[in-house]
Amino acid sequence: MNNLIDFINKVNALIINPLVTLFFVVSIAIFFYGFVEFLFNRTGRESDDALEKGKRHMLFGVLGMFIMMATFGIIRVIVHTIEADKYLETGLNTGQVKPSGLVFPKSRGITLPTGES
């Protein structure tokens, strides 16, 4: 069982997470490329095609970001549904990510607990 869990952790850490991150970054780059294309081609008669091309790039970038966020969310739902989060190494259960308490302005003097004891 430990070999399977180790294998899944390695696939998650070395393949799935980097691919989702890479595709998300590519989506952001496509969006900004379309935005720049849209801005620089706003004037002129022949720029209608370039303007539409920029709009399409922005749309594809937003769709790509939505798909990557949905993919991440679906994976998290599946992992939590089958209670695999107890066995898989994620930043939330390895101690790499520590929740910090919210501190409100000193005039109110309110601090929310962090959940750590």
- Query: Which pairs do you get when a residue that is closer than 15 Å to G73 by Cα, found in the stretch 11-28, comes within reach of a residue that is in a helix (DSSP H, G or I) and modelled with pLDDT under 85, reach meaning Cβ atoms under 7 angstrom, with the pair 6+ apart or on two chains?
  - Reply: V20/F72
- Any idea how many residues of the stretch 1-54 are small (G, A, S) and at pLDDT 85 or above? 4
- Message: Please determine whether any residue of the stretch 32-55 is outside any helix (DSSP H, G or I) and in contact (Cβ under 8 Å) with a residue 12 or more places away in the chain.
- Response: yes
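The values are calculated or read from the model by the stated rules, or taken from the named source; none is laboratory data. Nothing here was measured: the structure is a model prediction, and the numbers come from that model. Quick reminder, even Gly has a Cβ in these numbers, built from the backbone with ideal geometry, and neighbours come from all protein chains shown.
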